[in-house]
1. Does at least one position in region 342-355 carry a residue that is over 25 Å from G402 (Cα atoms) and of a type outside the set (S, T, N, Q)?
2. Among the numbered criteria (1) over 23 Å from the mean Cα position of the chain (by Cα); (2) surrounded by 22 or more Cβ atoms within 10 Å (Cβ to Cβ); (3) in a strand (DSSP E or B), which single criterion is violated by L36?
3. Residue by residue through region 318-332, note down the ones that are under 30 Å from L495 (Cβ atoms) and either surrounded by fewer than 18 Cβ atoms within 10 Å (Cβ to Cβ) or without any contact (Cβ under 8 Å) to a residue 60 or more places away in the chain (or both).
4. Taking the condition under 30 Å from R7 (Cβ atoms) and in a helix (DSSP H, G or I), does L164 pass?
5. Would you check if S315 is over 22 Å from K411 (Cα atoms) and among the hydroxyl-bearing types (S, T, Y)?
6. For the structure I just gave you, tell me whether R32 is over 21 Å from A226 (Cα atoms) and either of a type in the set (K, R) or not assigned by TED's automatic domain parsing to the domain that holds D203 (or both).
7. Filter region 173-210 down to residues that are surrounded by fewer than 19 Cβ atoms within 10 Å (Cβ to Cβ) and either outside the structural domain of K44 (by TED's automatic domain parsing) or charged (D, E, K, R) (or both), then give me how many there are.
8. Check off (1) surrounded by 16 or more Cβ atoms within 10 Å (Cβ to Cβ); (2) modelled with pLDDT under 90 for D217 and give me the number that stays unchecked.
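The values are calculated or read from the model by the stated rules, or taken from the named source; none is laboratory data. All values reported here derive from a predicted model rather than from experimental measurement. Glycine also receives a Cβ, built like all others from the backbone with ideal geometry; neighbour counts cover every protein chain displayed.
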Amino acid sequence: MTAPVLRACDVTKVYGGTHALKGVDFAVAPGRVTALFGENGAGKSTLMKILAGIEQPTTGDVELDGRPVRLRSSRHAADQGIAIIHQELSLCPNLSIQDNLFLAREVRTGLGAVDRKEQRRATQAVLDRLEEHADPDGLVGDLRLGQQQLVEIARALLQEARVLIMDEPTSALTAPEVEVLFRVIRELTAAGVAVVYISHHLDEALDIADDVVVLRDGALVATARAGEVDIRWIVEQMVGRDQDTLFPDREPVLGEEALTVRDLRVADPAIPDRLAVDGLSLAVRAGEIVGVYGLMGAGRTELLEALAGRLRPVSGQVLLDGTPLAEPGIRARIERGVVLVPEDRQRDGLVQTMSVGQNLSLAALGTFVRGLFVSEPRERAAVARAITDVTVKTSGAQAPIGSLSGGNQQKVIIGKALLTGPRVLLLDEPSRGVDVGAKADIFELMAGQARRGLAVLFTTSDAEEALHIPDRLLVLARGALVGEFRRGELTREELMRVSDGGTPKDGAA
């Protein structure tokens, strides 16, 4: 086997008495993709930060080309040919794509001025490689989340690294964008680049990986060739339980129709003369979980944002318990009992300067008011119940929200929504970027709310979720409803055909 280009040798990392890593040996070889799996808290990010020079090991060594090296900083690691794409985007929304790609590493002319012409050429070239048609001079803040993630990937590609660490690179990408990224990864490995690939999408990670490594509780517990294992094996190594437990068994007890949508039309926020949702009608009953699946441009997010009052429909009607929801705005919809868990938790779901408790109670503060003031005892009691109910793993309500894992941050957003006392719970990609254990918790939360009588409507771009979680699945294509199915009626292949505008049996023998 080819000698490793980068290796962690018996690495231990201790934070205040807590062992984040316990004697880990991990290596990556040129021209190979190593998929690194583990739940949140398993030590994946800590290990990658050590390999990228962001953190230093408490004990143990890092070797580059077989020689010990002390990576003093991320810049030092980059100079050694090690690049990292972080799970949470680190872009400046008020700067252009070009300026983000070359921030702190500008191309200079012979006279020392920034060579913007060369920067623009390089930016256009890397965007073309990723098949992204954005303007290099356009603001990053104007891009949708998936495009921003591609910009983050583009920034790493420009480093021409020997080792590329990718932490959840596809969490906001559509299926076609994932295929483009996989093509680029194959080009990189063919050129001898070593790739570390971290993803909670177990199936896609197995598709691209050559080798598999699993961490659990800070220790390396399993390694294998990707072609010799399956998802069930990975889940068992990660969490010690079967993959089947990801999807809760449930027999829905359905009540009256809670949410009704009639002939809804919603303009695309980016292209106002185009309809993102075109003549859509649907209904969700109390106690029911309905899923919405579709490819890029299907209108999933725009549908939920219109129902939640964030976007104003062009036409159509939305009813709650048979009564029209005519009041515009998010606050008015919350007061009527319709609440949204947004897709982008960092931008739209959390206030990073607030604590866990403050984030949880933010949308429901009005319910704690007594006289002119917020009743702090009532607020604290509600927050404590919410932390327990949605199983947030935290040191306490006063902990900074940024100290939580992605899965626990998502639980906080769901808890915040539930504290408003909704009748209809809308969730946009609720499992995006969270580990397999947190996914199981979130799915069980959704099932639990349905058992309590809530109407639950959620979107997903994950085919397995679409097939296993909802009682009914709605498939959208180009803003229109192209299929409606009950659980168990579709295979994965049939779902792909329907979402592309075909019928379940298209192409069948």
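1. No, every residue in region 342-355 fails to be over 25 Å from G402 (Cα atoms) and of a type outside the set (S, T, N, Q).
2. (1) is the only condition that L36 fails.
3. Passing the criteria: V318, L319.
4. Criteria not met by L164.
5. Against the criterion (over 22 Å from K411 (Cα atoms) and among the hydroxyl-bearing types (S, T, Y)), S315 qualifies.
6. no
7. 7
8. It fails just one condition, (1).
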